[in-house]
Amino acid sequence: MRRVLAILLTVSLVLVGAAAATAQPITLKWGHPFKTDFVFGISAQKIADLIKERTKGQVVVEVLPNSQVGGYFQCMASAAQGTLDMAWTDGGSVGRFYPPSGVTEGAYMFKTAKQLQNFWDGPTGQKLRQGIYEEANLKAFSAFEYGTRQLTNSKKAVRTPADMKGLRIRCLESKVSMTSATAMGATPTPIDFAELYLALQQGIVDGQENPIPSIYSMKFYEVQKYLVLTSHLHQCLFPVMSRRSWEKLSPEQQKIITQVIEEVRPISDKMLNDLVAANLQAMKASGIEVIEPDVEAFRAQAVPIMLKAFEKEWYPGIYEEIKKTAF
């Protein structure tokens, strides 16, 4: 009897080993709108390569760039629905599913990108990320610098909030974007990003706000007179994974993916900041007038307006928590 049991045990171990050896790798599809040679295209591929290496091929991330499976918001929404595994997103976009996360996109809520990143990794940020997981079905990872949003316009050398009066500034068609423009003193005017250059050229709007790389790559400086360094939003993007996909992974695989993303973040941030410096220098050389306004005057005006507008959506006392965060 003992011999039979020993034989059965040996056979069982062999079968388990064979099953493990032939286990099919898990394939995750990561859709995004960025070009493969842009910072976030490069970073996504770097993350994918390291995940495959560190999991010894048991988790394979297939990166689908250039809007192959949808635009920026669509990819995030697809991940939330479980029809796509991974995407890039931001607090404002995912805020449509979980409104408290929109605080990361509010004008002058953070003084630096580093402060936002520290906040996102801290206790309140972890609470936000858990809320995103439960309400939006998305596992949110570390925040990567996307660039500080700056203002351009064709009308005024803006130095104070009072100078913004009457300026029609293009914004996203979202509450946080439109409220941010109003809080800065402008008249918010939603226009599709693809139509923005022509709208600026034809004077449909007086100006717009975007990170320096976007302003440069879209050549908005060709049809704008002033670049105003308002630094009103230190924008970050973060990878998200479908909750359904995340829960298919083993704890060890989850740990590896989290560590890889954290490892790539500083590399991505450096690429982004090098690009910002080069793009800003090129725009200065083009002849656009660069203005350094009274940022603290803008902050003093904008923050109370933002907090009042979102008092029912953001966590109570959240700005006090932000101010405690190192920057």
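The values are calculated or read from the model by the stated rules, or taken from the named source; none is laboratory data. Since we're looking at a predicted model, the values are computed, not measured. As a convention, Cβ positions derive from the backbone with ideal geometry for all residues, glycine included, and neighbour counts pool all protein chains shown.
For Ile261, the requirement of being in contact with a helix residue (DSSP H, G or I) (Cβ under 9 Å, 6 or more places away or on another chain), surrounded by 14 or more Cβ atoms within 10 Å (Cβ to Cβ), among the hydrophobic types (A, V, I, L, M, F, W, C) and within 28 Å of Ala87 (Cα to Cα) is met. Quick check on the stretch 67-79. Is at least one of its residues modelled with pLDDT of 95 or more, within 23 Å of Asp192 (Cβ to Cβ) and hydroxyl-bearing (Ser, Thr, Tyr)? Checked against the condition, which is being modelled with pLDDT of 95 or more, within 23 Å of Asp192 (Cβ to Cβ) and hydroxyl-bearing (Ser, Thr, Tyr), the stretch 67-79 yields at least one hit. Residue count for the stretch 291-317 under the criterion of being in contact (Cβ under 8 Å) with a residue 24 or more places away in the chain and either loosely packed, with under 14 Cβ neighbours inside 10 Å or touching a Pro at 6+ places or on another chain (Cβ under 7 Å) (or both): the result is 7.
Summed over the stretch 276-316, the residues that are touching a His at 6+ places or on another chain (Cβ under 8 Å) and either outside any helix (DSSP H, G or I) or over 14 Å from Val228 (Cα atoms) (or both) give a count of 1.
Considering only the stretch 177-193, I want to know if a residue exists there that is in contact with a Leu (Cβ under 8 Å, 6 or more places away or on another chain), free of Cβ contacts under 8 Å to residues at least 60 places away in the same chain and of a type in the set (S, T, N, Q). Within the stretch 177-193 (the criterion being in contact with a Leu (Cβ under 8 Å, 6 or more places away or on another chain), free of Cβ contacts under 8 Å to residues at least 60 places away in the same chain and of a type in the set (S, T, N, Q)), the answer is yes, since at least one residue qualifies. Residue-level check: of (1) without any contact (Cβ under 8 Å) to a residue 12 or more places away in the chain; (2) touching a strand residue (DSSP E or B) at 6+ places or on another chain (Cβ under 9 Å), Gln202 misses just (2).
Of all residues assigned to the stretch 235-254, at least one qualifies as being touching a residue at least 40 places away in the same chain (Cβ under 8 Å), of a type in the set (Lys, Arg) and part of a helix (DSSP H, G or I).
The listed residues are Val11, Val94, and the only one of them that is in contact with a helix residue (DSSP H, G or I) (Cβ under 7 Å, 6 or more places away or on another chain) and either aliphatic (A, V, I, L, M) or at pLDDT 95 or above (or both) turns out to be Val94. Looking across the stretch 157-182, the residues that are within 22 Å of the chain's Cα centre (by Cα) and in a helix (DSSP H, G or I) come down to Lys175, Val176, Ser177, Met178, Thr179, Ser180, Ala181.
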